[in-house]
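Quick notes on the structure that follows.
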Amino acid sequence: MEKIKDGYLTNLGLSAIWISSPVENITTLDPTNGSAAYHGYWVRDFFKTNQAFGTMEDFQNLVKVAHKNNIKVVIDFAPNHTSTAEFKGMTFPEDGRLYRRGIRM
């Protein structure tokens, strides 16, 4: 938000920013490589925010600041990404379980 407020992004000629999906991801590490889902594409709960990205209030403030500075916000929303991939019969973290505001569906 600071780079928007101080004019850095608009001085670069940007009129939009593209962000990863801000929804809660699974937090279990992938057993094949130890990676975690910080990126926004292993959704666990579409109704909660990704802790790595901040709170819903943080997100709303980002959008307000961007719009105030004539910058659009594009969310890379991929509703079909709710699990890690399956590989050679292995079960991956949380195996696609979905939650709604913290309650398993």
Of the listed residues (F77, F87), the one being at pLDDT below 85 and within 10 Å of the chain's Cα centre (by Cα) is F77
Reported set for the range 2-20 where residues are part of a strand (DSSP E or B) and modelled with pLDDT of 90 or more is A16, I17, W18, I19
Log entry, pairs with first residue in the range 52-67 being within 16 Å of S21 (Cβ to Cβ), second being surrounded by fewer than 15 Cβ atoms within 10 Å (Cβ to Cβ), beta carbons closer than 6 Å, six or more apart or on different chains, reads A52/Y38; L62/M1
Scanning the range 49-66 for residues that are over 23 Å from I103 (Cβ atoms) and either within 14 Å of the chain's Cα centre (by Cα) or part of a strand (DSSP E or B) (or both) gives D58, Q60, L62
In the range 34-73, residues that are in contact with a Gly (Cβ under 9 Å, 6 or more places away or on another chain) and among the charged types (D, E, K, R) total 2
Taking the range 21-48 and the residues there that are open to solvent by less than 40 Å² (accessible area, probe 1.4 Å) and not in a loop (DSSP other than H, G, I, E, B), the one that is farthest from L98 (Cα to Cα) would be V23
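The values are calculated or read from the model by the stated rules, or taken from the named source; none is laboratory data. This structure is a prediction, so every number in the text was calculated from the model and none was measured. Here Cβ is always computed from backbone atoms with ideal geometry, including for glycine, and neighbour counts include all displayed protein chains. We work out accessible area using only protein heavy atoms, side chains counted, and drop any ligands, DNA or RNA first. Shrake-Rupley method; radii C 1.70, N 1.55, O 1.52, S 1.80 Å.
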